[in-house]
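Data block below; observations after.
Read-outs: derived from the displayed coordinates by stated rules, not from any lab. Just so we're clear, the structure is a prediction, and the values are computed from it rather than from any experiment. Here Cβ is always computed from backbone atoms with ideal geometry, including for glycine, and neighbour counts include all displayed protein chains.
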Amino acid sequence: MKYAIDILTAKRKEIVNELKKQDTDRNRNLENLKSIDKALKWLDMLEKNNVENAGLFEFLRLPYKENCFASYRIMCDNEAESIQDLHDENIELFPNDIILKKKTVR
């Protein structure tokens with residue numbers, strides 16, 4: 001992933017230098033700069049969290065239930081059968097939040 005980050009960083013520097021010139025397509029360069037910055041933020045986040053192979057992960061968006069305000073909580077069941085044995089992990093999620101889930105390998 002470092003190679004891709006290095007390429008985008010170099011291209012970003014080129015665009016910044018172009019923006020310093022008078023005879024440049026400023027709007028196009030600004031849009032390209034925004035796009036590169038967005039990509040670099042995603043790549044940085046993925047690299048910091050060791051998400052190297054995107055094919056092993058999927059995004060799950062939590063559904064919104066109409067006519068109610070709800071939140072989702074993550075619980076650890078410790079393979080217990082009783083609801084009293086559930087442990088709240090103090091992670092509160094809301095409708096439309098996104099979870100990055102590692103796919104199960106079969």
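Computed 3J(HN,Hα) for the stretch 83-96, one whole-Hz value per residue from the Karplus formula 6.51 cos²θ - 1.76 cosθ + 1.60 where θ = phi - 60°, is 5, 5, 8, 6, 10, 6, 8, 6, 10, 9, 10, 10, x, 6, glycine and proline marked x.
Modelled label positions at VAL105 and ALA4, each set 7 Å beyond Cα in the direction of Cβ, lie 1.9 nm from each other.
Backbone amide hydrogens, once placed in the peptide plane, bring PHE57 within less than 5 Å of LYS103, excluding anything fewer than 5 places away on its chain. If a paramagnetic tag sat 7 Å from the Cα of PHE94 along the Cα-Cβ line, which residues of the stretch 53-75 would have the backbone N under 20 Å from that point? Once the point is set 7 Å along Cα→Cβ of PHE94, 60-75 turn out to lie under 20 Å by backbone N, inside the stretch 53-75. Charged side chains reduced to their Cβ positions (Lys and Arg at +1, Asp and Glu at -1) give the chain a dipole of some 800 debye around its Cα centre. Computed over the chain, the per-residue total of -39500 (n - 2.57) for DSSP H runs of n ≥ 4 gives a 222 nm mean residue ellipticity of -13500 deg cm²/dmol, rounded to 500.
Using a Gaussian network model of the chain in which every pair of alpha carbons under 10 angstrom is joined by a spring, one finds that among GLU89, GLU47, GLU31 the greatest mean-square fluctuation is at GLU89.
Distance from the alpha carbon centroid of the stretch 65-106 to that of the stretch 14-63 works out to 30 angstrom.
Largest mean-square fluctuation among SER82, SER71, SER35, in a Gaussian network model of the chain whose springs join Cα atoms under 10 Å apart, belongs to SER82.
Beyond 20 Å in Cα-Cα separation lie the following of the pairs LYS2/LYS101; LYS11/LYS38; LYS13/LYS34; LYS65/LYS103; LYS2/LYS48; LYS11/LYS101: LYS2/LYS101; LYS65/LYS103; LYS11/LYS101.
For the stretch 1-52, the direction-averaged projected area of the alpha-carbon convex hull comes to 3.4 nm². Here the label points at GLU81 and GLN22, each 7 Å from Cα along the C-beta direction, are separated by 8.3 nm in the simple model. I'd like the orientation of helix 2-19 relative to the chain: the angle between its Cα long axis and the longest Cα principal axis, in ° from 0 to 90, rounded to 10. Roughly 50 degrees, rounded to the nearest 10.
Between the Cα long axis of helix 26-48 and the first principal axis of the chain there is an angle of about 40°, rounded to the nearest 10. Between the labelled values (i) 187; (ii) 171; (iii) 226, the entry that holds volume of the Cα convex hull per residue in Å³ as derived from this structure is (i).
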